[in-house]
Each structure stands twice: as C-alpha cells, then as structure tokens.
Amino acid sequence: MSRILRLGSDHPWLTLAMVVILTAISIRGLVDPSGEVRLRVDPSMESLLPVEGDERELYEYSRKLFGTDESIVVALGAEDVFEPDVLRTVVRLTDRLAEIEGVQGVLSLSTAQTLRSLGDDLMVVSLLEEVPEDRESLEGLRREVLDNPLFAGTLVARDGEATALLVSLERMSDRELLSLGVDAKIVAVAQAEAPGLEVWVAGAPHQKAFTSNQLSSEISWMLPTILGLVGVVLAVSIRTIRGVLLPLAAIVCALIWTLGTLSWLGQQLNLVTISIPALILTVGFTYALHVVVEYYAENREVPEGEPREEVVRRTLDAVAVPVVVTGITTAAGFLSLTLNPIPAVREFGMFALLGVGFTMLSALTLVPAALALLPRSRSRAPAQGEGLFERSADALARLAVDRRRTVIVCSLLVLGVAMVGMTQIRVAIKFPGNMDPEHPVRVHWEEINERLGGANQLRLIFETDLPGAILEPTLLMALRELQEWLEVQPDVGETASIVDYLMMCNRAFNGGDPEYFRVPATRRLASQLLLFCGSQESRRLIDNPRQTTSVLVNATVGDSDRLTDLSARIEQRMTQLPSSLTGAVTGNAALLLKVQDEVSRGQLLSLSAAFVLIYLVLVVMFMDFRVGLIALLPNALPIAIYFGALGFTGVTLNPSTSLVGSLALGIAVDDTIH
C-alpha cells in the first residue's frame, strides 16, 4: 500500500505522464474534434420524477390516451381581442408559429373548431374561418367563444382582454428541443408578429429552455469565481507560487477527469448534478491543500542537504492515510445518496463518488510528483504561530481546550435551538415562485396564470368497467357536479371535460337553445352526439371505447405544497363519486407531488445511512467504538444548524437543498479526522 501511495515521490515523471494521458483522454471525451462540448445539461424535471410506480404508469397511460400535457403557451394581451387587427395578428402569428421546425400544431382562435347549425345540419367548422369586419359579426364571435366552456377562460380570457395560442411540439428529447432552438424561435416570432400587444410566454418547454440557458450562464461565471476564491485563500495562507498553483492544477485535473468520464459514459448533468463541478473544486481543494501544507512543514524539518524526494516521501507518509480515509468517509456520505428514491439525487451520489475519487487521486499523484521535480522551496510558508490564520487557529484551539465545558454547553444550546427550527421545515418544490418577482419568466407565468384560468394543469382520469359506460347520464352528471365543486375551489381557475363538450353539442343540436345546455338525457343520445360532433377537442377528453375520460383542471398555484393540498382535497371529493366510476389525479404537476413525498423520506434514509457508514469507517480507522462515536458526534451539529436554518428562514426542503446535509456531513468528517 505504501509503495502505491509513494508513486508520486518515487516515480514523478511516470506519474506526470499518466496524469497527462488521463487528462488528454478526458478532454477528448468532453470535447469533440469540432470544439463542441459533448457533455450536455438536461434542464427538464424528468430526472426529478419517479421512473416507476403506480403514479408513473398512470401518467404514461394518460399521455398515451389523451396526448402530452406539455406545450408552450403564447398569450397576447389587448384591450379587446375581438377587434379585427388583433384577430388578424392571431391568424398571422398562428401561421408563422406552425412553420417553425419542431412545432406539431397550434391551437388558437384561428384553428379551434366549433359547432354551428346550418339549416337542419350540425357542422364542425373552424371558429375563425375569416376575420369579421363588422361590429355585429365581431360580437357574435365574442358570444360564441365565451359561451363555449372549452374556450372561455382558457383560450380567451373571460373579460376578452387576452387570448392564448397553445403551441404543441413534436415528440423530441430535451436535447433536440434545445439544439433546434424551438423556444427561442417561438418567442422571437411572437414578439415580431404582435407589435403593440403584450406578449407572455410560459409552459414547461419554455421553462426548460430558460433553465438550460440559466445553468450554462451560471456555470460560466461560477467555476472561475470558485477558482479565484480558492486562489486567494491559498495565496493568503500559503504565500508561495507553488503553494497556489499546484492545488489549483490538481482540482482542475480532477474536474476534467470527472466530467470527461461522465461524457464518455454518455451521461448528462441535470438540475441537481449541475453542482458537481463546484463540489469537486471545493472538496479537491482541501485534499491538495493538506498535501502542500504538510510539504512545507516537512521542508522545515528535513536538513537542507537531504534530496527533495525525501521531503516529498515524508510528506506522503504523513498525509496519505488521512487523505485516503477522509476521501472514504466523504465518499460514504455521497454513497448514501444512491439510496434516495429520486433519480437525480441518486445520480448526484454516483457522480460525486466518482469526483471524490478523482480529487483524492490528483492530490496524491499530481501534487507530490510536481513537488518531487521542483527544487526544494526556499520560501518559508508560515509555521505554527505565524500569520493571521495560524494565530487565529491556535487561539481557537486553546479556547476549545481551556473552556471545553463552556464550548460543549453552548453547542448543546445551539443544537436545541436548531431542533426547534427543524420542526418548521417545509418540504416543497417552488417554480417559478422561487424566482425574483420582477423576473420575466415569473411575470409571464403569473400573467397567464391570472388571465387564462391557471398555468399549472392537473389531469383527472376516470374509468368504468364496461365500454361506453362513461356516457351514462348518472356518471356524466357526477362528473359535472365534480367540475362545479372544483371551480369554486380557491386554487382552481378553469376546468374542461367531455361533459362540457356534450352539453355544447346538445345545445347546438337543438338550434342553440340555452335550455339544452345540459347533460344528454340518455346514453344513446350522448353516443350519437359524439358520433356527429366528434372533433380534435373531444378526442383529447375521451377514449374511443368510451370507457375512460379525463377532466382537465387548471390550477392557479405553482408551489408543490399547495398543489399537494389541492390534490388531497380532490381525491377526498372523488370518494363521493358513484362506485362504478374510479378516478385518480395525474399529470406532470401531480408527479412532482410524488417527488415532494420522496424528498423527506429520502433525506432521512440518506442521512441515516451516511452516519452509519461514516461511523463504521471511523471505528475501523481508530480501532475503538467509543472514539469513533466521539469523532462522529461533533459532525451532527453543523447538520442540525443547517436544517434549523431552513426552518427559521422559510427556505424549503427540496431535491437541491436536501443534498446539503450529506455534503456537509462528508466534509465535516474530513476536518474531524485531520
């Protein structure tokens, strides 16, 4: 083992050659010959969603029957959308959006279908076959749209001051969505074709594109900033050129090796694993710093006549085992994350495990090899008691020993306060509620949310035992009563179902008489109405065997904790439905509620496993169960402080913030071991 750990000191040229080869292979995997970075960032929420289970199966089943629930919403605001100029803008914009590569179709006033009586016939026709110019025709169009329960409040605001264009996309991966620039093209076309009108854009694909650009932007300045801060710390504490450059070189190499390996394996970074580069720079810095600091300590002790290799050899003898053990304990903290039920968190645990291994490797190979080849340093790094950092650390150590009872009592008091804060933790996923209120993405989302009946969609799926049974008047009436209950809930804007469509068909079939805007009296009549009036609108609400139907619920809330409350109320209300009608809540937003449940369970599981694994490593290291426990206890305090701070500040526990506990535990144990 010692021969392996001394590789950098005994064979420096061979070690550096291996470092160069590994770095070159990693760069080749990270960047293709054209210079394009291969490692992609997946901004979708998909990695946060459960990959299996009843909720996922129901979601995929609903998408197969009724299509995807993801689209880009382009909303136009005007004093009155039922003006010829605005309607012409809608027609022109609809045509331009439909021409964009990757767009499957656009639902708007220009393309929506409606039912009209022509003599004794009932026709399914385009809502806006041509733009009316006279006031009477415009008012007739207004009445027709606002009397249609499928359009009023969703396609057009009930006050007539906003209209939506729902842009559905072809089935494509998020990578294709971003590479084609579909979102950017939609935004550009909307702004170009609607001068003088307010334009708002929202929807999951739009948020994905924004998140991807935001993450890329943050990485571009965050990594250099971290490197700069690390360099400043090294310069202030070590005060030598090699003491600054070697740790920086070590963490940069570890970062390249990690990202290159992920790229070769075909992996992507997601909303959680995007923080891996920052983690590697932080953890790797501490490993390399310990090697450099010990080198200067040994350099002062070894007589000047001794060869430089001896200094490096003694350095490795002193720090190799602690660095390896700290790497193992940190890896144990991250390994515990692989037990988390959330896919993105599991990936973070695996990627972090890889990164810790590479940072430990670079600290014990690259740094010693370079030191073995460089002349012995003539600069004197600060010895014990010299420099501000050293004096401060010495004073803190004396305080901890001389006032140990006071320190322990204060720690217990802080622990008690932190535990009070922990009782106030909220588990929630907030988007775009976590953004600045003035940010365009949040402003657009809230405008659409307020004007067009809710920007978060839940889908209620209902099934019966027999084909055609969903059209029984008693079941249709039960669904209608459920909708009426939903529409008076404080967190619901608009709803839509096949019942609305059938009521509209019934009215149109009877010459537009408002008395017939009601549920068809018989199952046979309902079936006939669907036969004569079926359209693309009805097909997204009921399946062909007439055995399964959906109710679309537009929620006006975005935070997962409020959606959880709404979903629970809906499920409770569905227990009042007839026994032959079974229902469930699904949709992309509903899956996020499953994630919220998994966050708290996964946090407890991960931290418990991390404490157990780290304790076992400490016991093996110190060969004493009691000492292992003593070494572990101080590391619980920063974890408690962190979670207490979450509770007191109102910051929610979510997939990203839940990682910090395991990260802090792994890093704190490093300090305890040293």
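The values are calculated or read from the model by the stated rules, or taken from the named source; none is laboratory data. Owing to the predicted nature of the structure, the values given are computational and were not obtained by experimental measurement. A quick note on method: Cβ atoms are made from the backbone with ideal geometry, for glycine too, and the neighbour counts reach across all protein chains shown. These accessible areas exclude ligands, DNA and RNA; they are computed on the full protein's heavy atoms, side chains included. Shrake-Rupley method; radii C 1.70, N 1.55, O 1.52, S 1.80 Å.
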- [ ] With the condition kept exactly as written, say whether any residue in the range 345-365 is at pLDDT below 85, open to solvent by less than 40 Å² (accessible area, probe 1.4 Å) and not in a loop (DSSP other than H, G, I, E, B).
- [x] yes
TODO: Residue by residue through the range 412-460, note down the ones that are within 22 Å of Leu150 (Cβ to Cβ), open to solvent by 20 Å² or more (accessible area, probe 1.4 Å) and touching a helix residue (DSSP H, G or I) at 6+ places or on another chain (Cβ under 9 Å).
DONE: Ala455, Asn456, Gln457
TODO: List every residue pair whose Cβ atoms sit under 6 Å apart, with the two residues 6 or more apart in sequence or on different chains, where the first one lies in the range 308-336 and is free of Cβ contacts under 8 Å to residues at least 60 places away in the same chain and the second, anywhere, is open to solvent by less than 10 Å² (accessible area, probe 1.4 Å) and in a helix (DSSP H, G or I).
DONE: Val319/Val291; Val323/Tyr287; Gly327/Val356
Task: Out of Thr564, Thr652, Thr586, sole residue that is within 29 Å of Ala469 (Cβ to Cβ), under 20 Å from the mean Cα position of the chain (by Cα) and modelled with pLDDT under 90 - done: Thr586
Open item on the list: So, in the range 289-298, how many residues would count as being open to solvent by 10 Å² or more (accessible area, probe 1.4 Å) and either aliphatic (A, V, I, L, M) or touching a Lys or Arg at 6+ places or on another chain (Cβ under 9 Å) (or both)?
Closed with: 5
Open item on the list: Looking at the range 299-312 only, could you name the residues that are in a helix (DSSP H, G or I) and surrounded by fewer than 21 Cβ atoms within 10 Å (Cβ to Cβ)?
Closed with: Arg300, Glu301, Arg308, Glu309, Glu310
TODO: Mind telling me which of the residues Gly587, Gly558, Gly583, Gly602 ends up being touching a residue at least 60 places away in the same chain (Cβ under 8 Å), closer than 24 Å to Ala204 by Cα, among the small types (Gly, Ala, Ser) and touching a Leu at 6+ places or on another chain (Cβ under 9 Å)?
DONE: Gly587
TODO: Only residues that are assigned to a helix (DSSP H, G or I) and open to solvent by 10 Å² or more (accessible area, probe 1.4 Å): list them for the range 231-245, please.
DONE: Gly231, Val232, Val233, Ala235, Val236, Ser237, Ile241, Arg242, Val244, Leu245
- [ ] Look through the range 472-497, keep the residues that are among the acidic types (Asp, Glu) and not in a helix (DSSP H, G or I), and return whichever of them is farthest from Glu537 (Cα to Cα).
- [x] Asp491
TODO: Name every residue in the range 246-288 that is within 26 Å of Pro343 (Cβ to Cβ), of a type in the set (Val, Ile, Thr) and either assigned to a helix (DSSP H, G or I) or open to solvent by 20 Å² or more (accessible area, probe 1.4 Å) (or both), in order of residue number.
DONE: Ile256, Thr258, Thr261, Thr273, Ile274, Ile276, Ile280, Thr282, Val283
Open item on the list: If I filter the range 456-463 for residues that are under 27 Å from Val106 (Cβ atoms), under 33 Å from the mean Cα position of the chain (by Cα), among the basic types (Lys, Arg) and part of a strand (DSSP E or B), do I get at least one hit?
Closed with: yes
TODO: Pick out the one residue from Arg518, Arg573 that is among the charged types (D, E, K, R) and open to solvent by less than 70 Å² (accessible area, probe 1.4 Å).
DONE: Arg573
Task: Leading residue by the ranking (nearest to Thr114 (Cα to Cα)) among those in the range 498-546 that are part of a loop (DSSP other than H, G, I, E, B) and among the basic types (Lys, Arg) - done: Arg540
Open item on the list: Suppose we filter the range 184-223 for residues that are in a helix (DSSP H, G or I) and touching a Ser or Thr at 6+ places or on another chain (Cβ under 7 Å); how many remain?
Closed with: 2
TODO: From Leu248, Leu255, Leu223, grab the single residue that is under 25 Å from the mean Cα position of the chain (by Cα) and either at pLDDT 90 or above or of a type in the set (Ser, Thr, Tyr) (or both).
DONE: Leu255
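Residues checked against (1) part of a loop (DSSP other than H, G, I, E, B); (2) in contact with a Cys (Cβ under 8 Å, 6 or more places away or on another chain); (3) without any contact (Cβ under 8 Å) to a residue 40 or more places away in the chain:
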position: Glu70; (1), (2), (3): yes, no, no
position: Leu93; (1), (2), (3): no, no, no
position: Gly105; (1), (2), (3): no, no, no
position: Leu109; (1), (2), (3): yes, no, no
position: Thr114; (1), (2), (3): no, no, yes
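If you check Thr549, Thr586, which single one turns out to be buried (at least 19 other Cβ atoms within 10 Å of the Cβ), farther than 26 Å from Asp147 by Cα and touching a helix residue (DSSP H, G or I) at 6+ places or on another chain (Cβ under 7 Å)?
From the options Thr549, Thr586, the qualifying one is Thr586.
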TODO: Check Ser216 against each of (1) surrounded by fewer than 19 Cβ atoms within 10 Å (Cβ to Cβ); (2) touching a helix residue (DSSP H, G or I) at 6+ places or on another chain (Cβ under 7 Å) and name the one condition it does not meet.
DONE: (2)
Task: Every residue from the range 552-568 that is surrounded by 15 or more Cβ atoms within 10 Å (Cβ to Cβ) and part of a helix (DSSP H, G or I) - done: Ser560, Asp561, Arg562, Leu563, Thr564, Leu566, Ser567
Open item on the list: Being part of a helix (DSSP H, G or I) and closer than 30 Å to Arg346 by Cα is the requirement here; does Arg573 meet it?
Closed with: no
Open item on the list: As an exercise: evaluate Ser656 against (1) out of contact with any strand residue (DSSP E or B) (no Cβ under 9 Å at 6 or more places or on another chain); (2) farther than 16 Å from Ser606 by Cβ; (3) of a type in the set (S, T, N, Q) and give the number of the one condition it does not meet.
Closed with: (2)
- [ ] Report yes if Thr163 is among the β-branched types (Val, Ile, Thr), in a strand (DSSP E or B) and either farther than 30 Å from Val41 by Cβ or touching a residue at least 40 places away in the same chain (Cβ under 8 Å) (or both), otherwise no.
- [x] yes
TODO: Give me a count of the residues in the range 148-164 that are closer than 13 Å to Val90 by Cβ and among the aliphatic types (A, V, I, L, M).
DONE: 4
Task: Matching entry among Glu463, Glu487, Glu494 (being open to solvent by 10 Å² or more (accessible area, probe 1.4 Å) and farther than 20 Å from Leu155 by Cα) - done: Glu463
TODO: Search the range 18-32 for residues that are touching a residue at least 40 places away in the same chain (Cβ under 8 Å) and pair each with any residue that is small (Gly, Ala, Ser) when their beta-carbon atoms are under 7 Å apart and the residues are at least 6 apart or on different chains.
DONE: Ile25/Gly260; Ser26/Gly260; Ile27/Gly260; Gly29/Gly260; Gly29/Ser263; Leu30/Gly260; Leu30/Ser263
TODO: May I ask you to list the residues in the range 178-187 that are closer than 19 Å to Gly105 by Cβ, open to solvent by 10 Å² or more (accessible area, probe 1.4 Å) and either in contact with a His (Cβ under 7 Å, 6 or more places away or on another chain) or among the aliphatic types (A, V, I, L, M) (or both)?
DONE: Leu180, Asp183, Val187
